[in-house]
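Each remark here refers to the structure printed beneath this line.
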Amino acid sequence: MKKLLRQLISRGYMQDFCGESLGTFILVFFGCGSVAVSVLFSAYQGLFQVAAIWGIGVTLAIYASRGLSCAHLNPAVSIAFVCAKRMLIRKLPVYLIAQFTGAFLAGLLLYLIFSGSITQFESAHNIMRGSSESVRTAMMFGEYFPNPTIDQAVISVTGLTAFIAEGLGAFLLIFFIFFLTEGCNVGRPDSKISPVFIGAAVAGIISIIAPLTQAGLNPARDFGPRLVAYLAGWGEIAIPGPKGGFFVVYILAPVLGGILAAFIFTKIIQPLMESKAVCGKDCCEKN
C-alpha cells in the first residue's frame with residue numbers, strides 16, 4: 001500500500017485517486033444504503049424512491065469529487081472516455097483501482113452499520129446466510145436477475161435479457177454524460193448544474209431497468225459491495241451468484257455499452273454538433 005501511495009504521488013495521480021475513491025464511496029453508500037433500508041425496514045413504498053436516492057447520491061458524489069478528478073465514478077465511464085480520447089489511457093488503472101476501492105469501502109461500512117439488523121432479518125425470515133434464500137439480503141450489496149423483490153411468478157429474465165438490459169442502461173447513461181459535457185452541444189446545461197441532470201438520468205434509467213436486473217450500470221458499484229458480501233458469509237450466492245454470470249451481466253455488459261456509446265457519440269453525433277457550433281473544450285479532455 002505504501003508503495004502504491006508513493007507511485008500515485010510521484011506521478012501526480014493522488015488527486016485523481018482521492019477524487020474517484022471518494023466519489024464512488026459516496027455514490028455506493030447512498031445507493032446501496034437505500035437498497036439496504038428498503039430490504040430491512042421497508043423504508044420506501046416504491047422503486048422510484050430508491051432510484052431517486054441513487055440519483056441524489058450520484059449528484060452529490062460528482063459535486064464532491066470533480067474538483068479532484070473528472071468524477072467518472074464508474075469503470076464503464078472511464079473506459080468510454082479513454083475510447084473517446086477524453087482521457088489518457090495511462091490514467092485508466094488509477095481510476096479503476098480508486099473506483100473499486102471506494103465501492104468496497106462503502107459496502108464494508110454499510111455491512112458494519114447494518115450487520116445486526118441483517119442478522120435479525122435473517123432470523124425473522126428463517127434465512128440461512130449462503131443459502132439460495134439469502135439472495136434477499138445479498139441484494140443489498142451486489143445485483144441479481146431477476147430482481148429478487150419482484151414476484152418470480154410474473155417475471156422472466158434470461159441471462160441474455162439481463163446482459164442487454166445492463167448494456168442498454170450503461171449505454172444510455174454514458175450517452176447522456178457525453179451530451180451533458182460536450183463543449184459542442186450548445187443545448188447543454190451550465191456545468192455547475194450538469195451533475196443534477198446526470199443524477200436524474202441515473203434515477204430514470206434505474207426506474208426502468210431495476211425490475212429486471214436491479215440496474216447496476218457500474219462494475220465498481222457491483223463488484224466492490226459484492227466482494228464484501230462474499231467475505232461476510234454469503235459465499236457463492238455473492239460470487240458467482242445463484243445463476244452465475246455476474247461478470248458478464250454486471251461488469252462486461254456496462255463496459256461494452258459504454259464503449260458503444262463512445263463510438264456512436266464521437267463518430268456520429270459529435271461531428272454533427274461540430275458542424276453546427278463553435279466548440280468549447282471539455283474540462284477533462286485529455287487531462
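Is it the case that residue 84 is of a type in the set (Gly, Ala, Ser) and closer than 14 Å to residue 221 by Cα? No. Checked against (1) more than 22 Å from the chain's Cα centre (by Cα); (2) touching a residue at least 12 places away in the same chain (Cβ under 8 Å), residue 190 meets all criteria but (2). Is it true that some residue in segment 201-211 is touching a Phe, Trp or Tyr at 6+ places or on another chain (Cβ under 8 Å) and more than 20 Å from residue 164 (Cβ to Cβ)? Within segment 201-211 (the criterion being touching a Phe, Trp or Tyr at 6+ places or on another chain (Cβ under 8 Å) and more than 20 Å from residue 164 (Cβ to Cβ)), the answer is yes, since at least one residue qualifies.
Considering segment 199-228, the residues that are crowded, with 24+ Cβ neighbours inside 10 Å and more than 12 Å from the chain's Cα centre (by Cα) include one that is farthest from residue 170 (Cα to Cα), namely 228. Considering only residues in segment 111-159 that are over 20 Å from the mean Cα position of the chain (by Cα) and of a type in the set (Asp, Glu), the one that is surrounded by the fewest Cβ atoms within 10 Å (Cβ to Cβ) turns out to be 151.
Yes/no per residue for (1) among the aliphatic types (A, V, I, L, M); (2) within 23 Å of residue 51 (Cβ to Cβ); (3) in a helix (DSSP H, G or I); (4) modelled with pLDDT under 95:
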residue	(1), (2), (3), (4)
179	no, yes, yes, yes
189	no, yes, no, yes
202	yes, yes, yes, no
217	yes, yes, no, no
224	no, yes, yes, no
242	no, no, no, yes
253	yes, yes, yes, no
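Would you please list the contacts, defined by Cβ atoms under 9 Å and residues six or more apart or on different chains, that run from a residue in segment 1-28 that is modelled with pLDDT of 65 or more and part of a loop (DSSP other than H, G, I, E, B) to a residue that is surrounded by 12 or more Cβ atoms within 10 Å (Cβ to Cβ) and of a type in the set (S, T, N, Q)? What qualifies is 13/7.
With of a type in the set (A, V, I, L, M), in a helix (DSSP H, G or I) and in contact with an Asp or Glu (Cβ under 6 Å, 6 or more places away or on another chain) as the only criterion, which of 98, 76 stands out? Before you say what the answer is, go through the steps one by one.
Details: 76 fails: in contact with an Asp or Glu (Cβ under 6 Å, 6 or more places away or on another chain).
One residue alone meets the criteria, 98.
The values are calculated or read from the model by the stated rules, or taken from the named source; none is laboratory data. Please read all numbers here as calculations on a predicted model, not as lab measurements. So basically every Cβ, Gly included, is an ideal-geometry build from the backbone, and we count neighbours across all protein chains shown.
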